[in-house]
Amino acid sequence: MEPNKRAILEGRSITKHFGALAALRGIDFSLYEGEILGLIGPNGSGKTTLFNVITGVYPPTKGSVFFEQRNISGLKPHKICQMGIAKTSQIVQPFTRMTVAENVLVGAMYGGRISQREAWEKTYEVLEFVHLDKLMNVSSGNISVPDRRRLELARALATSAKVILLDENMAGLTPNEIEEALNLLRVIRDQGITLMVVEHIMRAVMGISDLMIVF
């Protein structure tokens, strides 16, 4: 890493047990500002579990997670989100009875702790950025899989996150759609948002990552 860069997110000896099963054992990592860090490995190797430990879904059994030099281990997910870490889901989970715009609005108000007017402004800005503005009034239950993937990303962006964890955000996409997604991630990184990416599509993760961790 360049001397002027600092680790924005760190894991130190992260271990997570589910009963007798060790899903994670002594994981160390450092994610630097402006970096895209890829995570690869077979199903069941613990990649999504690590994301869930980072975002507070699961507390670590041992070890610690540090965000901007602060120990965030054991904090609730909403606290971690409001500090500046957002995560997309491996299985897309939009609020299907709400419009595309309303889904993004939830992210803006939940993560940003801003007024409704400011949240709507943020929503319009993000929807235009991810090219979903023409679908803003469509029910999220009626949009395509690629658009749902972009909606997941849009909700994370709307929280004003400094770090976004992407869990197989390109699953189910065509080669052309993957290339569009990769270009979008590069633009997001260039805007100062740091990314941690779990992906099984090797061409995609190798093409976007500055460094990779193999589980």
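The values are calculated or read from the model by the stated rules, or taken from the named source; none is laboratory data. Small disclaimer: the values here were computed from a predicted structure and weren't measured. Please note: Cβ atoms are built from the backbone with ideal geometry, for glycine as well, and neighbour counts cover all protein chains shown. SASA here: full protein model, heavy atoms, side chains in, ligands and nucleic acids out. Shrake-Rupley method; radii C 1.70, N 1.55, O 1.52, S 1.80 Å.
General remarks:
- Fully extending the segment from Gln116 to Met98, taken as 0.36 nm per residue of separation minus the present Cα-Cα distance, adds 4.8 nm.
- Computed helical MRE - 222 nm, the chain, DSSP H runs ≥ 4 contributing -39500 (n - 2.57), nearest 500: -11000 deg cm²/dmol
- ³J(HN,Hα), Karplus 6.51/-1.76/1.60, whole Hz, each residue of the stretch 172-182, x for Gly, Pro: x, 8, 6, x, 5, 5, 5, 4, 5, 5, 5
- Residues within the reach of a label modelled at Phe215 (point 7 angstrom out along Cα to beta-carbon, backbone nitrogen below 16 Å), restricted to the stretch 89-104, are 89-91.
- Euclidean distance of C-alpha centroids, the stretch 130-146 and the stretch 93-127, integer Å: 13 Å
- Rolling a 1.4 Å probe over the protein heavy atoms of the chain, with every protein chain left in place, gives an accessible area that is 51 percent carbon and sulfur.
- Relative contact order, whole percent, for the stretch 125-184 stands at 34, derived from Cα pairs under 8 Å and 6 or more residues apart.
- When the Cα positions of Phe66, Leu165, Pro42 are compared along the charge dipole of the chain, Phe66 comes out farthest toward the positive end, with charges on each C-beta of Lys, Arg, Asp and Glu.
- Per-residue HN-Hα couplings for the stretch 124-136 [Karplus 6.51, -1.76, 1.60; θ = phi - 60°; Hz; x = Gly/Pro]: 4, 4, 5, 4, 5, 4, 8, 6, 10, 4, 6, 10, 4
- Here each label is just a point 7 Å from Cα along the line to Cβ, and for Ser89 and Asn71 those points are 3.2 nm apart.
- Residues whose placed amide H lies under 5 Å from that of Tyr32, excluding near-sequence neighbours: Ile8
- In this structure the chain gives 48 Å² per residue of accessible area when probed at 1.4 Å with all protein chains present.
- Inter-site label distance for Val57 and Lys134 at 7 Å from Cα along Cβ, in nm: 3.3 nm
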